[in-house]
Amino acid sequence: MTAYKSEERISYQTLKEWALDSYYDGCRDHALMQGWSHEQVWGFVSYSFEEGFARPVENLMWHVILLVLSGGWHGEIERNSRGFISTIMVEYGLERLLVDVPVDEVEVFRHDLKILRLG
C-alpha cells in the first residue's frame, strides 16, 4: 500500500469528515453488531489510512484527529499519537507546515492543538 495521494492538499475539515465517516461505520458495523470495543473501532479508523498521506501537514492533521477520537481513554494510543504529532512538528516546524493552509483553517487547527496542549 502507498500513501494516499491527491493533487490538492486535503483540508482539515475533509480529513475530519473521513475520520468520522469511518468511525460511524466502525461503530455501526463492528461495535454494535460484533461487540467491538472503542479501542478496536479507533483502530479501524486508524487503519483506514494506515499508509498515511502524501503531505506531512495532512499526516499531522490526521494524527491530531485520531488523538481527539481516542478520547483520552487509551493511554498507549494517546502517548503514541502525541509522540507522532510532536515528531512531525519538530521535523518540519509547525509554521512551515501551515504556510500554505488558509487562515480560517489554520485557526481551527491551532485551536484544536491548544485544547490538546500541543501548540
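How much of the calculated P(r) for the chain lies past 17 Å, in percent of all Cα pairs? If you can, show how the numbers build up before the last one.
Working: 3930 of 7021 pairs.
That fraction is 56 percent.
Restrict the search to the range 43-106; then list the GluC sites (Glu not before Pro) that DSSP places in a loop and that have at most 16 other Cβ atoms within 10 Å of their Cβ. Please report the intermediate quantities before stating the final value.
Details: sites: E50, E51, E58, E76, E78, E91, E95, E105; in loops: E50, E51.
Answer in residue order: E50, E51.
Of all trypsin sites (Lys or Arg not before Pro) in the range 59-119, which ones are in loop regions per DSSP and have a Cβ with at most 16 other Cβ atoms within 10 Å? Walk me through the numbers on the way to the answer.
Values: sites: R79, R82, R96, R110, K114, R117; in loops: R117.
Of the trypsin sites (Lys or Arg not before Pro), the ones in loops of the range 59-119 whose Cβ has at most 16 other Cβ atoms within 10 Å are R117.
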Hey, quick one: spin label on R79, modelled 7 Å out along Cα-Cβ, who in the range 29-54 has an amide N within reach, i.e. under 17 Å? none
For A54, distant residues with modelled amide H under 5 Å away: Y4, S6
DSSP-assigned coil residues among trypsin sites (Lys or Arg not before Pro) in the range 1-74, each with at most 11 further Cβ atoms within 10 Å: K5
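If I require 20 Å or longer along the helix axis, counting alpha carbons, and a Kyte-Doolittle average no lower than 0.0, what helices from the chain are left? Use full DSSP H segments. Write out the running numbers ahead of the final one.
Numbers: long enough: 12-26 (21 Å, -1.01); 56-70 (21 Å, 1.38); 75-92 (26 Å, -0.28).
Answer set is 56-70.
In a shell of Cβ-Cβ distance under 12 Å around A31, excluding A31 itself, what net charge do Lys and Arg (+1) and Asp and Glu (-1) give? Please report the intermediate quantities before stating the final value.
On the way: positive: R28; negative: D25, D29, E39.
Result for the local shell: -2.
Here, each number is a calculation from the coordinates, and none is a lab measurement. All of these numbers come straight from a predicted model, not from anything done at the bench. Methodologically, a virtual Cβ is constructed for each residue, glycine included, from the backbone with ideal geometry; neighbour enumeration extends over all protein chains shown.
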